[in-house]
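Reading through the structure tokens given below for one structure.
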Amino acid sequence: MTDFFYLIPLALALGMVGLATFLWSLKSGQYEDLDGAAARILSNEADNPIVKVQQPNSSPEIGDEFLKN
Amino acid sequence: MTCCAPSVEFADAVIDRRRAKNDEMLLASRDLGEGLRQTSLSVPTIHCGACIQKIEKTLDALPGVEQARVNLSTKRVTTRWRAGGAPPPLIESLSRIGYEAHLYDAAVDPKDDTVAKMVRALAVAGFAASNIMLLSVSVWSGAEPPTRDLFHWISALIALPALAYCGRIFFSSAWQSLRHGQTNMDVPISIGVLFAFGLSLYETFNRGPHAYFDASITLLFFLLIGRTLDHMMRERARVAVKGLARLAARGALILQPDGKQIYLPLSEIRPGMTILLTAGERVPVNCRVLKGQSDVDCSLVSGESMPQTAGPGSMLQAGTLNLTGPLTIAATAAAKDSFLAEMIRMMEAAESGRSTYRRIADRASRLYAPVVHVAAVATFVSWVAATADVHRALTIAIAVLIITCPCALGLAVPMVQVVAARRLFEQGIMLKDGGALERLAEVETVVFDKTGTLTLGEPWLIDGSAIDPDALELAAAIALHSQHPYSRALVAAHQGPVPSPISMTSVSEHPGSGLEACIGTTVHRLGRPEWALADGEVTQSVSEIGTMVLSKDGRYLATFQFVDRLRPDVREAVAALAENGFAVELLSGDREEPVRQLASALGVPHYSAVSPADKATHIASMGASGRKVLMVGDGLNDAPALVAAHASMAPASAADVGRNAADLVFLRESLLSVPQAITVARNARRLVRENLIIAVGYNAIAMPVAILGYVTPLTAAVAMSLSSLIVVANALRLGDDLRRKQRKDGSPTSNLSSPQLALEGGK
């Protein structure tokens, strides 16, 4: 029983790290241009993505699309 | 760098070669603050890594440009530039290095984030599902009761936030539908998930042995996969379609009474205003010509295939393209009363007239939900009657709800449609949404527009090889100076490089008549016979429309005749459709003569000089008599008919309104896209049906087991995952089927060029 005390929080924490990493990569625009990323690896240029600018008052909720249907 | 050659499919799609003006660029750019503005350009011909470097290097070197970034997936270039001076010449620079670019409206993009939010929800659901499943496995393997209770508690703690975050999509949709007294797919899903969670929570409190946390979260996870894929498919098509050239004017250059010129957006143009329209611009509103001579291309508006001449007094409709000379025009209507707006009103009328289509999944769930819910209630009642054990009866009834929750059903349809959309995408066909695919599969009559649909809407030189090569060369050299479609056709028809300006002293364009080139003291004229030839010069019958004559000092040199070229594979496509039992019709706004010629060549019935309203009425009446019509058209005048039809397709060169109204947009030139799309749609329908049968069959087996009370959380998890996997695997077969067929026909994978239509299981 005492093993659970370490192992379960550890397992959950590792899972959380994975989730957080994924969410971060999503937010930082790494999935915006998958084809481009494949091509850019061959170039020597600096290639910092243009980070999307957050527009005020335009953050539709997930459900919006469905509410309209 | 050969792969950088602009692809045919896109190069032809971009028919509007107008260079956006500075004002237009400003209108379409976004203010980022701190003196920066951002412009998005759609560059359809970006192909490879070399393109990326070339474009970024070129744009970065422009003065005022802060950063340029190419997105290869969406084929767009985002550029940040310092506001203040004039916008950098982005489009011109790109065209100099060989890329056709046009402005991309970032403003009309409010729901850009939906897919990202769905993916985020999916990630959270995946995290929760996998962790709860890990805990559940140890419970199923026979954990001690205290351990089991601890694990149940942890599962509950993970499940609650996950359910709240990821379940919203389904709950809100189910709630909306219930409030309107209907049920959709999300109602049984929400009920199943919520009951499963509620029961598990109750069990956890009471240290019960069975909890269904894993079932409820896994269910959400699977269903979210289906939803997300569905959304990504729609998003992709939307982006691809929106990236095409914008064919409507964004605004116009107004000449104010005090002589000043000002660029106004479309919505601010009032009747009576004087507008300066340069060659190559679209007419922004209905208007009357005050000054100037020009040729006007009406093909997108009326279906008229040959350019018309316009002079003082002519009335022009919004959306027509001014080809050769600058015009001064007076607006006779505001944008909201112009031809375009009239079409939009007719589209709305057609929309309301059409019976709303209920998607297969919704129809299935309308039958399905009551059966499941009645079964669950009946189970509860009978178990109470039989054993008087309410707790046990409730557990079993909820097990019935969980096991029959339409997980497979929720995946069955979207999976097939996503795979189908992908196949269509590979063939250059954009699918707007899954419902369109279902409607397309039901079609039995195909109605074609003529100009721009069966034909390419651009003239083509007849018998180019029979013409004296020297005359053709000279004509091409002169024609190089004009944007008139005939001139472009002449340049295109001339094999080999066009001779560099052969010592031409001057070339001038006479709108409505032709081109005049002076070489030394001789005057060459290329244009209308009656203008090019001196009086009394007799020629063959060249007075028909679609003829140009080359003359030297008024003497006849050569005749060039043009026809509206047929789209490639028109005959094959129509034959393939007829062979498979489709009724094919030709419905055109063009004059009787060309329509009849084409129709008789193809052997299909035709209607000519049909007004936009009559087109829509014709389609609607066919629909009312029970015929499911696929309308294929490109013009503004086709837009109401596209909406009225059961399903609709438009080529990429179609007017903006038509393109947005159509269910499918095809980017390739070949008309075989139409039979191809129908084939994919019918194959998809067959697979959807198979998947529904699998889902129902699974329920037929699982439900009795659940009703008898033999379902444990373990069996529920296994059964659910298994049925989902089978459904997904079946959906993936769609691609294999098509690939195999292509291999058999010996045609390349990317282009199903065989006219044969395989419609097994179609009817």
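Readers should treat all values here as calculations from the given coordinates under stated rules, not as data from a laboratory. Every value quoted in this text rests on a predicted model; they were computed, and no experiment measured them. Every residue, glycine among them, receives a Cβ derived from its backbone with ideal geometry; neighbour counts consider all protein chains shown.
Length gained on full extension, B:S130 to B:Y202, computed as 0.36 nm times the residue gap minus the Cα-Cα distance: 23.7 nm. The angle between the Cα long axis of helix B:360-387 and the longest principal axis of the Cα atoms of chain B comes to about 10 degrees, rounded to the nearest 10.
Judged by the ratio a/c of the largest to the smallest principal axis of the C-alpha gyration tensor, the range B:338-430 counts as oblate, that ratio being 1.5 or greater while a/b is no larger than b/c.
The range B:643-706 to the range B:22-55: how many Å between their Cα centroids? A separation of 34 Å, based on Cα centres. Take each residue in A:19-26, count the other chain C-beta atoms within 10 Å of its C-beta, and the mean is 3. Remark: relative contact order (the range B:562-697) = 20 percent; criterion is Cα-Cα distance under 8 angstrom and separation of 6 or more residues. Taking the longest Cα principal axis of chain B as reference, the axis of helix B:49-60 is set at about 70 degrees. Taking every residue in A:28-40 and counting other chain Cβ atoms within 10 Å of its Cβ, the average works out to 5.
Legend: calculated FRET efficiency, B:I97 to B:R627, from the Cβ-Cβ distance at R0 = 60 Å, rounded to 0.05, equals 0.75. The modelled label-to-label distance between B:S721 and B:T332, using points 7 Å beyond Cα along the C-beta direction, is 7.1 nm.
Working from Cα pairs under 8 Å separated by at least six residues, relative contact order for the range B:282-347 is 43 percent. Placing R0 at 41 angstrom, the Cβ-Cβ distance between B:R555 and B:A601 gives a FRET efficiency of 0.70 after rounding to 0.05.
Centre-to-centre separation between the Cα atoms of the range B:290-340 and those of the range B:576-628: 27 Å. Going from the fewest other Cβ atoms within 10 Å to the most, the residues B:S648, B:S508 appear in the order B:S508, B:S648.
Straightening the chain between B:C518 and B:E348 buys 55.8 nm, computed as 0.36 nm per residue apart minus the Cα-Cα spacing. Ranked by how many other Cβ atoms sit within 10 Å of their own Cβ, fewest first, the residues B:M347, A:M16, B:M133 fall in the order A:M16, B:M133, B:M347. Output the relative contact order of chain B, whole-number percent, from Cα pairs under 8 angstrom with separation of 6+ residues. For chain B, the relative contact order is 13 percent.
Under a 5 Å amide H cut-off, with hydrogens placed 1.01 Å from N, B:L36 pairs with B:A83 among residues at least 5 apart or on other chains.
Here B:S42, B:S190 are placed in order of increasing Cβ neighbour count within 10 Å, fewest first, which gives B:S190, B:S42. Specify the angular offset, from 0 to 90 degrees and rounded to the nearest 10, of the alpha carbon long axis of helix B:570-579 from the longest principal axis of the alpha carbons in chain B. For helix B:570-579, the angle is close to 40 degrees. Remark: the range B:114-129, residue by residue, has Karplus-estimated 3J(HN,Hα) of 4, 5, 4, 5, 5, 5, 4, 4, 5, 4, 5, 5, x, 4, 5, 4 Hz, where x stands for each Gly or Pro and the curve is 6.51 cos²θ - 1.76 cosθ + 1.60 at θ = phi - 60°. Residue-wise HN-Hα couplings along the range B:451-461, as the Karplus relation 6.51 cos²θ - 1.76 cosθ + 1.60 with θ = phi - 60° gives them from phi, are 5, x, 10, 7, 10, 8, x, 9, x, 9, 6 Hz; Gly and Pro carry x.
Averaged over the residues of peptide B:67-76, the number of Cβ atoms from other protein chains lying within 10 Å of each residue's Cβ is 5. Can you figure out the FRET efficiency of B:Q67 with B:W140, using R₀ = 41 Å and their beta-carbon distance, to the nearest 0.05? It comes out at approximately 0.15. Amide H contacts of B:A310 (H built 1.01 Å from N, in plane; Pro and chain starts excluded): B:S294, B:D295, B:V296 sit under 5 Å, all sequence-distant by 5 or more or on other chains. Taking every DSSP helix (H) stretch of at least 4 residues in the protein assembly as shown, weighting each as -39,500 (n - 2.57) and dividing the sum by the residue count yields a mean residue ellipticity at 222 nm of -16000 deg cm²/dmol.
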